[in-house]
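*Asks:* First the structure, which I've put down as structure tokens, then a few questions once you've had a look.
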Amino acid sequence: MIDRTWYDRYLARYRQSLFETDVFDACCQFRDFAVRIQESGAKLIFAGNGASAAIASHVSVDFTKQAGVTAINFNEPDLITCLSNDYGYENWIAEAIKLYATPQDAVVLISSSGRSDNMVAAAKYVRQRGLPLITFTGFAADNPLRSLGEVNFWLDSRSYNVVECTHMIWITMVIDMVIGRAEYSVTSSSE
């Protein structure tokens, strides 16, 4: 049986992640990258594993449709299995970036632990290529993905659900920062 104490402690994790973790500067830097991408006609490239992949899918659509910033993600099973088969699972995201990135693009890598081999390999490739890298991580402060990013969002939590949900809120907040407001129509005016 779950009691009120457990419930209150659980919600305290979200209070800490959303109200006691200051990501204002990182949000502004990410917004500035997104606006430059928008103005140049380049794109944001999102990648993640598991729930972070689902976040990458969701926010790439919202950046494109709502904020007018072209964004893509790598969640197609044929792409993942082809590149994993040919280059190894730890290298597939780096290989996808090689195939799809242009010199004006920026890459956003989302990983709860910041330790997934494929995310770290992708980050190293992005840095070698000189592309801007924005990271979203949690767990240990010294995770390798966080050490490779130009703009880094980090949450001091070891709870997957709290980290993932907080990442989603932070990224969608940046989308709304690009738009300039939090309330707007999601359909065109012709509908």
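The values are calculated or read from the model by the stated rules, or taken from the named source; none is laboratory data. Since this is a predicted model, take the numbers as computed values, not measurements. Positions of Cβ are backbone-derived with ideal geometry, glycine not excepted, and every protein chain shown enters the neighbour counts.
*Asks:* Out of all the residues in segment 143-155, which are more than 13 Å from the chain's Cα centre (by Cα), assigned to a helix (DSSP H, G or I) and surrounded by 15 or more Cβ atoms within 10 Å (Cβ to Cβ)?
*Replies:* Hits for segment 143-155 are P144, L148.
*Asks:* Output yes when any residue across segment 133-142 is part of a loop (DSSP other than H, G, I, E, B), among the acidic types (D, E) and touching a strand residue (DSSP E or B) at 6+ places or on another chain (Cβ under 9 Å), and no when none is.
*Replies:* Within segment 133-142 (the criterion being part of a loop (DSSP other than H, G, I, E, B), among the acidic types (D, E) and touching a strand residue (DSSP E or B) at 6+ places or on another chain (Cβ under 9 Å)), the answer is no, since none of the residues qualifies.
*Asks:* Name the pairs: first residue in segment 1-14 and touching a residue at least 12 places away in the same chain (Cβ under 8 Å), second residue part of a loop (DSSP other than H, G, I, E, B), Cβ to Cβ under 9 Å, at least 6 apart or on different chains?
*Replies:* Listed by first residue and then by second, the contacts come to R13/S157; R13/S159.
*Asks:* Separate question: Does V120 fit the bill of being among the hydrophobic types (A, V, I, L, M, F, W, C), closer than 21 Å to L44 by Cβ and part of a loop (DSSP other than H, G, I, E, B)?
*Replies:* When the stated conditions are applied, V120 does not pass them.
*Asks:* To continue, here is another question. Select, from E164, E90, the only residue that is among the acidic types (D, E), over 24 Å from A42 (Cβ atoms), at pLDDT 95 or above and within 13 Å of the chain's Cα centre (by Cα).
*Replies:* E164
*Asks:* Taking the conditions exactly as written (over 26 Å from D117 (Cα atoms), touching a residue at least 60 places away in the same chain (Cβ under 8 Å) and hydroxyl-bearing (S, T, Y)), does S17 satisfy them or not?
*Replies:* no
*Asks:* Scanning for something basic (K, R) and part of a helix (DSSP H, G or I), does segment 43-61 turn up at least one residue? Explain how you work it out, then say what you get.
*Replies:* At the first step, the residues of segment 43-61 found to be basic (K, R) are 43.
Among the residues that remain, those that are also part of a helix (DSSP H, G or I) are: none.
Checked segment 43-61: no residue is basic (K, R) and part of a helix (DSSP H, G or I).
*Asks:* Now for a separate question. Does segment 168-185 contain any residue that is modelled with pLDDT of 95 or more, of a type in the set (A, V, I, L, M, F, W, C), in contact with a strand residue (DSSP E or B) (Cβ under 6 Å, 6 or more places away or on another chain) and within 23 Å of I37 (Cα to Cα)?
*Replies:* The answer is yes; a qualifying residue exists.
*Asks:* Which numbered condition in (1) touching a residue at least 24 places away in the same chain (Cβ under 8 Å); (2) surrounded by fewer than 19 Cβ atoms within 10 Å (Cβ to Cβ) is the only one that F136 fails?
*Replies:* (2)
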